[in-house]
Amino acid sequence: MDRSYATAVQRVLLTGMSGTGKSTVIAELAARGYKAIDTDDGNWHHWVDVAGAPDRVWREDRLCELLSTEDADVLFVSGTASNQVTFYPQFDHIVLLSAPKPVLLQRLASRTTNPYGKHPDELARVLGHIQTIEPLLRRAATFEVDTTAPVAEVVDTILRRIGVIPGNTRDEPRD
């Protein structure tokens, strides 16, 4: 899927493992007035059977429609799904949100807004994804942001790195 139309809208994917703070970051962006969509909410995904196991994928019709809209200067989309690579060409930036494994485990155990990761099978899946999926996300990312900082700092870093707010950063986006 290429984006063959001219646009001034920046499209930014915030992705990462469960517990990295995707929902918290997207909520902060929305609170600041940005168009911010959390694909964990609403009707953005559905479950499919892959090799006898359930897998959550983005609804391609909904994501295509969302990514073709021109009603904001910046569109932030957060989430992680096995078919997200299909949409990479439509994003200007792919931001990997990350945190050390002990932080992820603590967040999963203590969060109250999302039960995912509390069941031992889910936790085992997350731990497996840290080893197998996170490196793939890292390779595809424009840049990575450690989410152990306060959420306001994380959001400011993202906004600086995509050029929405001015400022210098120590790290330059990867090619």
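The values are calculated or read from the model by the stated rules, or taken from the named source; none is laboratory data. From a predicted model like this one, the values you see are computed outputs, not experimental measurements. We place every Cβ from the backbone using ideal geometry, glycine too, and count neighbours over all the protein chains shown.
Things worth noting here:
- Conditions (1) assigned to a strand (DSSP E or B); (2) modelled with pLDDT of 90 or more; (3) of a type in the set (Lys, Arg); number of the one not met by residue 62: (1)
- Only a single criterion out of (1) surrounded by 21 or more Cβ atoms within 10 Å (Cβ to Cβ); (2) touching a helix residue (DSSP H, G or I) at 6+ places or on another chain (Cβ under 7 Å) is not satisfied by residue 22, namely (2).
- Total residues in segment 64-79, condition touching a helix residue (DSSP H, G or I) at 6+ places or on another chain (Cβ under 9 Å) and farther than 24 Å from residue 163 by Cβ: 1
- Segment 84-124, residues that are in contact with a helix residue (DSSP H, G or I) (Cβ under 8 Å, 6 or more places away or on another chain), assigned to a loop (DSSP other than H, G, I, E, B) and of a type in the set (D, E, K, R): 118
- Residues that are touching a residue at least 40 places away in the same chain (Cβ under 8 Å) and more than 21 Å from residue 27 (Cβ to Cβ) within segment 69-110 comprise 70, 85, 86, 87, 88, 89, 90, 92, 100, 105, listed in sequence order.
- Qualifying positions in segment 59-68 - over 17 Å from residue 26 (Cα atoms), surrounded by 12 or more Cβ atoms within 10 Å (Cβ to Cβ) and not polar (S, T, N, Q): 59, 60, 62, 64
- Here 111, 11 are screened, and the one residue that is of a type outside the set (Ser, Thr, Tyr) and either over 20 Å from residue 142 (Cβ atoms) or touching a Pro at 6+ places or on another chain (Cβ under 8 Å) (or both) is 111.
- Among all positions in segment 113-129, there is no residue which is acidic (Asp, Glu) and within 18 Å of the chain's Cα centre (by Cα).
- Only one entry in 26, 37 is under 21 Å from residue 70 (Cα atoms), part of a helix (DSSP H, G or I), at pLDDT 90 or above and not small (Gly, Ala, Ser), namely 26.
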